[in-house]
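Remarks on the structure that follows.
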Amino acid sequence: MTDRTGARVLVAEDDRAVRESLVRALDLEGYRVEAVTNGAEALDAVRAAPPDVLLLDVSMPLVDGLTVCRVLRSEKNRLPVLMLTARTETSDRVAGLDAGADDYLAKPYELDELLARLRALLRRVEFHTEESSNELVVGDLRVDPAARRVFRAGRELELSKTEFDLLELLVANAGIVLDHTTIYERIWHYDFGPDSKNLAVYIGYLRRKTEAEGEPRLVHTVRGVGYTARAS
């Protein structure tokens, strides 16, 4: 698989015009594209022949996009998911990310931006496949990049793909303050700009999960700069 061409993309979109437009555009970019019209078909397609990335509309018949994402994550499926929706409220974006989506794009969107987000997701898969398998440790937190598992004080944490990637980056650079732009480029391979809430949302997720048993904070904010991982 490459980050631009040859990758398998599953498009789950019930609007025929949008679906056919996406298929044409992705085909022209060199992707191998399969399209389905509802969430139930999307789940069947993923299980039958896992794609490299899923473009998932939120509002679909039978099974909606949020449910599709939750089901995949409950099955420990780390398939990269780019969620597409006409809903533009922050609460809707948070709902999509909370369901396990890796990225979120509101309609109407520019095709160039969608393609950039898609390339970013695929580059992340390649980048983390090539990463070292050595365990990373900060305080009582242990990250196993090869097995993609995280433990704190002996308990295993259930993380989404993006949560794991972000925590791995911070722990691999423990004690170093990483600015917002650096994190966006390393995790999303795309700088969404100062107004994006994606990073803050995921930092909140990591804190909730790494501090679930009342443990001291490991992921710290350095105001006006970015974030760092260090034992308190």
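The table that follows gives values for the structure above.
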{"quantity": "ASP44/PHE151 FRET efficiency (R0 25 Å; Cβ-Cβ; nearest 0.05)", "calculated": "0.15"}
{"quantity": "Normalised contact order of the chain, rounded percent, pairs of Cα under 8 Å and 6 or more residues apart", "calculated": "14"}
{"quantity": "Helix axis angle, 111-130 relative to the chain longest principal axis, alpha carbon, degrees", "calculated": "50"}
{"quantity": "LEU62 - accessible surface, heavy atoms, 1.4 Å probe, Å² rounded to 10", "calculated": "150"}
{"quantity": "Inter-site label distance for VAL63 and ARG186 at 7 Å from Cα along Cβ, in nm", "calculated": "3.5"}
{"quantity": "Between helix 39-48 and the chain: long-axis angle, C-alpha atoms, 0 to 90°, nearest 10", "calculated": "70"}
{"quantity": "Most positive-pole-ward Cα, ASN38, PRO51, SER74, against dipole of segment 37-78 from beta carbon charges", "calculated": "SER74"}
{"quantity": "Tail beyond 21 Å, pair distance distribution of the chain (Cα, percent)", "calculated": "56"}
{"quantity": "Environment charge of ASP64, counting only residues whose C-beta is closer than 11 Å and scoring Lys/Arg +1, Asp/Glu -1", "calculated": "-1"}
{"quantity": "Rg(Cα)/(2.2 N^0.38 Å) for segment 13-100, N = residue count", "calculated": "1.04"}
{"quantity": "HIS220 accessible area, assembled protein chains, probe 1.4 Å, Å²", "calculated": "30"}
{"quantity": "List LYS209, LYS161, LYS76, ordered by accessible area with a 1.4 Å probe, largest first", "calculated": "LYS76, LYS209, LYS161"}
{"quantity": "Distance between modelled label sites at LEU111 and ARG16, nm, 7 Å Cα→Cβ extension", "calculated": "2.1"}
{"quantity": "TYR104 long-range amide H proximity, modeled H, under 5 Å", "calculated": "MET83"}
{"quantity": "Rounded to the nearest 20 debye, dipole of the chain from Cβ charges on Lys, Arg, Asp, Glu", "calculated": "500"}
{"quantity": "Protection proxy ranking of 200-207, 66-73 - average other beta-carbon atoms within 10 Å, highest first", "calculated": "66-73, 200-207"}
{"quantity": "Separation of alpha-carbon centers, segment 1-59 and segment 173-222, rounded to whole Å", "calculated": "29"}
{"quantity": "Order of exposure, largest accessible area first, which applies to ASP57, ASP14 with probe 1.4 Å", "calculated": "ASP14, ASP57"}
{"quantity": "With DNA, RNA and ligands ignored, accessible area of GLU156 (1.4 Å probe; Å², nearest 10)", "calculated": "80"}
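The values are calculated or read from the model by the stated rules, or taken from the named source; none is laboratory data. In this text the structure is predicted, and so the values were computed from the model without any measurement. When we count neighbours, we look across all protein chains shown, and the Cβ atoms used for this are built from the backbone with ideal geometry, even at glycine. All accessible areas refer to the heavy atoms of the entire protein, side chains included, with ligands and DNA or RNA removed. Shrake-Rupley method; radii C 1.70, N 1.55, O 1.52, S 1.80 Å.
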